[in-house]
Amino acid sequence: LFTHQWLFKPMQSFLMVSRKEEYVDKSGDMKGLFQKVDFILQRLPSWMIPMYTRNKLHLKNEMNGSTIDGESTNGDVGRGDRRTAMLMDEFASVENDYEVESATRDVTRSRIYNSTPKGTSNAFFDKRQKLSTEAPESLIRMHWSRHPEKAGGLYRYNDKEDFLSIIDEDYKFPEDYKFIKDGRLRSVWYDEQCLRASNQQEIAQEVDIDYAKSGWQFFAQDVLDEVMSKTVKKPVWRGDIIWDTSFREIKFMPNPEGPLV
């Protein structure tokens, strides 16, 4: 998107940031954001490519004045700057994320956040949850099941009805294929990823887009959920403690949302 605007619209100004400078621009390393822009420009027909200046962390279209710049996510990234739009790459992994949020709030009205989940105690999760209720049209969720190759052999086991549902009916499974009956949406590719992963947290973070289970915790979330479903009971009484300023009169007030159980 930034490259397209840089090519065809005059006086556009874009900023791309990531947690390390090498992830923004490092020659020969395709994980860098600028290297993806370079890749596009190198494969365009010559008549489409304008005269441009390419320096480290900077790309300028000399024909229309549009620019793309890059920075690492230090605490003051973008402060005092003004841009058409900016990209915040892998924002859940940024250590000083709340400082970056504050520093970039006036840079542009179009901040684009891109990240895999990394638990729920970060600014990316907070932003994502806020947008899900206030501006859900702003969210793009790219789940693996939307990828035509990764979704090959899509299936799900319904444990309540003891029924295996083959969603991808055109896929030819081997006769001895071992279906995983855990109630999740799965595929042949997904089953392979689970075998490769070290633990369920890795799958939650890198594949499932599961924020609650993607954060590191001592007990696995599925184990906690199972224990809670089997052992946790509803409170006998729940409410608040009410008292006067002298603390001479204390009352218990029933309240289904109260903090005391």
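Data table
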read-out	value
Gaussian network model of the chain, springs between alpha carbon atoms under 10 Å - residue of Ala135, Ala204, Ala212 with greatest fluctuation	Ala135
20 Å Cα-Cα reach of Lys178 towards lysines, excluding residues that sit fewer than 8 places from it in its own chain	Lys150, Lys160
Net charge of Cβ neighbours under 15 Å - reference Leu7; Lys, Arg +1; Asp, Glu -1	+3
Cα long-axis angle, helix 123-134 against the chain (0 to 90 degrees, to the nearest 10)	80
The chain - charge dipole about Cα centre, Lys and Arg +1 at Cβ, Asp and Glu -1, debye rounded to 20	540
Rounded to the nearest 20 debye, dipole of region 82-203 from Cβ charges on Lys, Arg, Asp, Glu	480
Positive-end residue of Thr116, Cys194, Gly80, charge dipole of the chain with Cβ unit charges	Gly80
Relative packing of 21-33, 225-237, which averages over residues the other C-beta atoms within 10 Å, highest first	21-33, 225-237
For Cα extents along the principal axes in Å, calculated from these coordinates, the label among (1) 60, 38, 31; (2) 76, 72, 30; (3) 60, 44, 30	(2)
By average C-beta atoms within 10 angstrom, highest first, the peptides 171-184, 140-153, 120-133	120-133, 140-153, 171-184
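Computed from the coordinates by the stated procedures, all read-outs in this text should not be read as laboratory data. Note that this is a predicted model, so its numbers are computed, not measured. A quick note on method: Cβ atoms are made from the backbone with ideal geometry, for glycine too, and the neighbour counts reach across all protein chains shown.
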